Amino acid sequence: MRKIEVSTSATIYKDILELSKDDQLLMNKAIEARGKAYAPYSKFNVGAALLLENGEIVLGNNQESAAYPSGMCAERVAIWKAGSTYPDVKIKKLAITASSKISKVDKPVGPCGACRQTLSEYEINQKEAFSILFMGEVGEVVKTESLLSLLPFSFDSSYL
């Protein structure tokens, strides 16, 4: 038997204004997408913005259904849209933001487990890490340099 330690690192920004201009632009696009989310049941709106290597920014937001929980998260809406529209273009960055109509979301909201799994496949397949920025409605922004840093011991196609 042996024990290992798994660690990750992230940069925490006080708020969106501390980000670089490029990261602010991407997060503002995610905020724009968040405003168009369809979340009448959870009242929890999420927006995502992907920056692609060709300079395109692809947006996604959560889409709910009365057949709860058969809706879809913003991150997967955005990445599948990017994959279907630009199948051979690498992802450079992803920005995520969340708000609630019930209470103010003042702490960073990272991708759920299902989104982390889906996003990891894209990062693995493109053989290049992409950074992830995430925040709530206000307050701190977390930035990681790789999706895989959020998903240690990831499962990928090499196991199949």
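Just so you know, all these numbers are worked out from the coordinates, no wet-lab data involved. Fair warning: this is a prediction, and the values are worked out from it, not measured in the lab. Positions of Cβ are generated from backbone atoms using ideal geometry, with glycine treated the same way; all protein chains shown enter the neighbour counts.
For the reader, a short list of remarks on this structure follows.
- Taking other residues whose beta carbon is less than 15 angstrom from the beta carbon of residue 155, and scoring Lys, Arg as +1 and Asp, Glu as -1, yields -2.
- The convex hull defined by the C-alpha atoms of region 86-141 has an orientation-averaged projected area of 4.6 nm².
- For the chain, convex hull volume per residue from C-alpha positions, Å³: 143 Å³
- Relative contact order [Cα under 8 Å, 6+ residues apart], region 75-160, whole percent: 31 percent
- Burial ranking of peptide ranges 90-102, 120-132 (average Cβ count within 10 Å, highest at the top): 90-102, 120-132
- The chain - mean residue ellipticity at 222 nm from DSSP helices (-39,500 (n - 2.57) per run, n ≥ 4, rounded to 500): -8000 deg cm²/dmol
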